[in-house]
Structures are given as structure tokens and as C-alpha cells.
Amino acid sequence: MNNLPSSWAPFALHTPRLTLRFLTADDADSLFPLFSDPETLRYWSSVAWLHPDQARANIEQTLQGYRDGSSLRLGLVLRDGDQAGALIGTVTLYEFDRRNHRCDIGYMLGRPYWGQRYMQEALPAVISHAFGPLELHRIQADIHPDNIASERLLQSLHFQREGHLRERWFVGDEISDSIIYGLLRRDWQAAVHPAQ
Ligand SMILES: CC(C)(COP(=O)(O)OP(=O)(O)OC[C@H]1O[C@@H](n2cnc3c(N)ncnc32)[C@H](O)[C@@H]1OP(=O)(O)O)[C@@H](O)C(=O)NCCC(=O)NCCS
């Protein structure tokens, strides 16, 4: 048995600087600047958005994912300071394989927020939720071979490099390979609660 529901009821996770919460239709205007920056989307699996309608369509997909349980996307929202309440990125658990207790993870941070360890703070909360209440066994990440920041981030969170798959993604006219990283629940538990 697994603990994955057939639809996702809203909840929030909290870290020292962030709230991770469900997205709503009202987030479209905040999401557009993040996903319309070609530099941020450089290693993403789709090209940068050109029109705000794409943000609305993307949120509609997110809401559909909540309804049918197919994906769980959380918005990263700043808790304090001048920009309190600002949506600065997203984390998504998707490709749930319920029988085998596994899923994929994807994440992005708006460029103004890079280099401040926000994702290093957000991902442990999501991973602990996935291996805790959701009872997942394995989380997988698929990254572009040149995405060094993403690779370093995963390594710092104890993901292990497991493979290199060739020419797996067409993004626009470009074809790119995938580097696969995996994290097992036991890797995470050993890292978070090392044996004394
Ligand atoms: C991936 C992402 C979330 C990382 O967040 P970030 O705030 O930029 O990451 P950090 O600045 O904390 O960098 C992470 C690590 O990579 C290193 N790094 C960052 N850019 C680097 C570069 N160009 N070359 C070498 N190392 C780099 C940092 O020094 C850090 O390493 P450390 O922990 O050993 O010091 C962010 O860059 C992002 O959203 N990118 C666009 C979307 C994306 O590519 N998502 C991933 C798709 S799988």
C-alpha cells in the first residue's frame, strides 16, 4: 500500500525563509516573469514563455494535477522582508508510480533569487514530506548535462548519479541528453538521522 491520494488537498510546508504552498489561478501573473526568462529556462524541458496566456494554461495544468493526483506542484513564497508573499519559484513532484512508490522531481527559481540557497532550503522540506507522509521510496531527477547548479544542488542533497541517457529531449530545435539522479528513502534517512 502507498499513501498517495487520488487527488491532492491543499497543504503548506514551512522552512525558515519560505512557505511552500499550492498554486492558484491568481499566481499566473507572478509565474509569468519566472518562466519567460530564457536564461532560467536554458536547461528546462520546454522553451521560455512568450505570452501571459501560457502562464494561465500552465496553472490550469497544475490545478488539473491537484485534481487527478498526477502531479504535486508547490510554489516557493518568501515569508519575510520587503518581498514577503512573493512567488520566487516552484517544486513539482510528478510521474508518480504508485505501485513502486516513486516519482520525479523538478524545480526552478527565478533568476533574481539564485545564489541564495533558497532551493537548498526548499527541497529538504519536500523530500521529507515525500519520504514521510507520502511514503515514497525513491525520487528521481532528470537534468541537462550542462546544468551544473542543479547537479551540485542534487549532490548536496545526497542524490546519486545513476545514468546518462542520450538524446532524450527536444527543446525547440535542440536535442539534449539526460543525466539521471536518484535518491532513496534510506539514503535520505541516513543523511538526516546518521547513526550515532
Ligand atoms: C537549479 C537552481 C534551482 C539552483 O539554484 P541556485 O540558487 O542557482 O543554486 P546555488 O547558487 O545554491 O548553487 C548550487 C551549487 O551550484 C554551484 N554553481 C552554481 N552555478 C554554477 C556554475 N555556473 N558553475 C559551477 N558551479 C555552479 C554553486 O556554487 C553551488 O555549489 P555549492 O553548494 O557547492 O556551493 C537554479 O539555478 C534554477 O532554478 N535554475 C533554472 C531552472 C533549472 O534549471 N532547474 C533545474 C531543472 S532539473
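By definition, a body whose alpha carbon gyration tensor gives a ≥ b ≥ c is oblate when a/c is 1.5 or more and a/b is not larger than b/c, and the range 53-101 fits this oblate description. For the range 1-33 versus the range 49-123, the inter-centroid distance based on Cα atoms is 7 Å. With the gyration tensor restricted to C-alpha atoms of the range 1-106, the semi-axes of the equivalent ellipsoid amount to 23, 18, 13 Å, longest first. More than 15 Å apart: what percent of Cα pairs in the range 132-196 qualify? Of the Cα pairs, 58 percent sit more than 15 Å apart. Shape of the chain from its Cα gyration tensor (a ≥ b ≥ c, root eigenvalues): rounded if a/c is under 1.5, otherwise prolate when a/b > b/c, or oblate? Rounded, because the longest to shortest axis ratio a/c is under 1.5.
Work out the charge dipole of the chain with +1 on the Cβ of Lys and Arg and -1 on the Cβ of Asp and Glu about the Cα centre, then indicate which of H193, A125, A12 is farthest towards its positive end. Of the listed residues, the answer is H193. Taking a ≥ b ≥ c as the square roots of the eigenvalues of the alpha carbon gyration tensor, the range 61-175 is rounded, as a/c is under 1.5. Toward the positive end of the charge dipole of the chain, with +1 on the Cβ of Lys and Arg and -1 on the Cβ of Asp and Glu, the farthest Cα among L72, L41, H137 is that of H137.
Taken together, the values in this text are just the output of simple stated rules run on the coordinates, not laboratory data. Remember, it's a predicted structure, so these values are computed and weren't measured experimentally. Cβ atoms come from the backbone with ideal geometry, glycine included; neighbour counts cover every protein chain shown.
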